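Asker: Take a look at this one; I'll ask things after.
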Amino acid sequence: MAHGKVLALTAVSCALSLHVAQARACGGCFHPPPPPAQTTAPSVVTGHRMAFAVSATRTVLWDQFQYSGSPSEFAWVLPVRAGAYLEASTDAWFEALETVTATKVTSPPLICAQTNSNSGDGCALGGASSAKAYGGPAQRDNSNSVVVLHEGTVGPYETVTLRSQSGGDLRTWLTTNGYSIPWNVDPIIDAYVAEGWDFVALRLRPGFGVQQMTPVRVVTPGGAYALPLRMVAAGVGESVSIVLYVIAEGRYTMPDLSEVSIDPKQLSWDFNAKDSNYLALRNDALFRNARRSYLTTFAFERPFRRGYASPTMSTISYSVSGSTSQYTNFAQLYFAQADYDDSSTFNSSCTFVDTALDVPELVVSGAPSPGEISDTSFECGSHNDLAAALTGMHPNKVWATRLEMELPREALNADCVVAPASSQASVDNQLQATQAVNRPADCPEPVFQSRIARARAGARQTSAWLLALFGALAVLRRNRRSSDR
């Protein structure tokens, strides 16, 4: 099997729920069955990185999945509500999100024993850190049962939007046009058709390779958005790793799953490996409750304005080809990464966006009214993912929440509701280990004794000597008396 690749698409795996409406999301990744002579297993989706921007007026979905196999084997079918549309995105959006929200663990400060016996004090050893985280154009159907609403291209993809009154006719159209539909998805498609959903089908345009594959945004206007999840199981293996970023006016949680956490007292740092046991603790936590669990590993207000490099630094260092640049927040890093992806050069001219990230006005598309600000204030050049995320929100109230899961395939058969959390406390992704393994040889562990303890020990020793002296004097006195007699 070929090594894993990262591919961006809009196959959705979770639902969103707000007090104003419910959002659900779904997308199936279909690939043709292997020919009889082929002995390798079919391509499998192993992980998703998704971002949802949720407001009362619209929902925007980004999705990027990791898979093994050839990109030419894949096609995608998404149930969407009427009015939903696609927009091109950039790899830089997820690259920046991952950089600033991934859990970073630093070593504990070490107190080293002194070789000078006259000193009872220790000295701190500077800690290390780890940031590991982690065919041809579509053809129209000749029958009247499948209506082609739209055909076009978005970035490297051919897209077609379909509507049908019959699940069987829709599957026939998809199969005829090169979309291989797994048999176990048939009843799911039938259910979507019966519920009045449209479908967007995507696949790579001829001649586009992995390096051209960029994310696609799915925008659903209106408060009554609904993006179901039932087809996400198409294309996955026994389990799937999911990182979900929720961008909204508040911290979000997942009430249908069990929230788990890591005991910071168990977090240790191995100085030989220069790494921590965080991933082992994370996996142990996520495997509780039959793996229907999630971790909240990051949650902050005004996330695009923050810097996250380390507990002691306020800038993000980014190195490419030996050249290191620093950016003070997510927005600057996103624009610089997008520019580098486009032209292999960093652009530092987008800092004007920083001021807009603090405003209380509502972000809108088009000409703003009093109390509003245009979404173009959050664009720089052709890069507009940040603007798409903030539209319909007040920038000074926006949060980003990172939720991590390792879900079994059977957990993908029901909606996974995401709702505002009862606690709006921040969750820091900067962790410090509390234990040390394989201490450096030049930093022996001291045995501490307080001055009070030493004073008490000295007093006890003095008392013992005095008692011994008095005992000896008493014996001498007794012996003298005996001799005088």
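The values are calculated or read from the model by the stated rules, or taken from the named source; none is laboratory data. Computed from a predicted structure; not experimentally measured. Please note: Cβ atoms are built from the backbone with ideal geometry, for glycine as well, and neighbour counts cover all protein chains shown. Please note that ligands, DNA and RNA were not included when accessible areas were found on the heavy atoms of the full protein model with its side chains. Shrake-Rupley method; radii C 1.70, N 1.55, O 1.52, S 1.80 Å.
Asker: With every protein chain left in place, what is the accessible area per residue of region 334-400 in square angstrom, probe 1.4 Å?
Answerer: Values: 2760 Å² over 67 residues.
Using a 1.4 Å probe on heavy atoms only, each residue of region 334-400 averages 41 Å².
Asker: Of 442, 198, which has the most accessible area and how do the rest follow, probe 1.4 Å?
Answerer: On the way: 442 125, 198 10 Å².
From most exposed to least exposed: 442, 198.
Asker: Another question, then. Give the ranking of 48, 394, 150 by solvent-accessible surface, highest area first, calculated with a 1.4 Å probe.
Answerer: Details: 48 10, 394 50, 150 100 Å².
Result of the area sort, largest leading: 150, 394, 48.
Asker: Order the following by accessible area, largest value first: 397, 104, 274. Probe radius 1.4 Å; ligands, DNA and RNA are ignored. It would help to have the intermediate numbers written out before the result.
Answerer: Working: 397 100, 104 25, 274 140 Å².
Largest accessible area first, the list is 274, 397, 104.
Asker: Send over the semi-axes of region 352-401's equivalent ellipsoid, whole angstrom and largest first, taken as the square roots of 5 times the C-alpha gyration tensor eigenvalues. Show your work: numbers first, answer last.
Answerer: On the way: eigenvalues 41, 38, 20 Å².
That gives 14, 14, 10 Å for the three semi-axes.
Asker: Ignoring ligands, DNA and RNA, what percent of the accessible area of region 325-414 is carbon or sulfur (1.4 Å)?
Answerer: Values: 1670 of 3430 Å².
The nonpolar share, carbon plus sulfur, comes to 49 percent.
Asker: Based on the mean of other Cβ atoms within 10 Å per residue, sort peptides 152-164, 351-363 so the most packed one is first.
Answerer: On the way: 152-164: 19.6, 351-363: 15.7.
The packing order, highest mean first, is 152-164, 351-363.
Asker: For the residue pair residue 438 and residue 183, what label-to-label distance in nm results when each label sits 7 Å from Cα along the Cα-to-beta-carbon direction?
Answerer: With each label point 7 Å from Cα toward Cβ, the separation is 5.1 nm.
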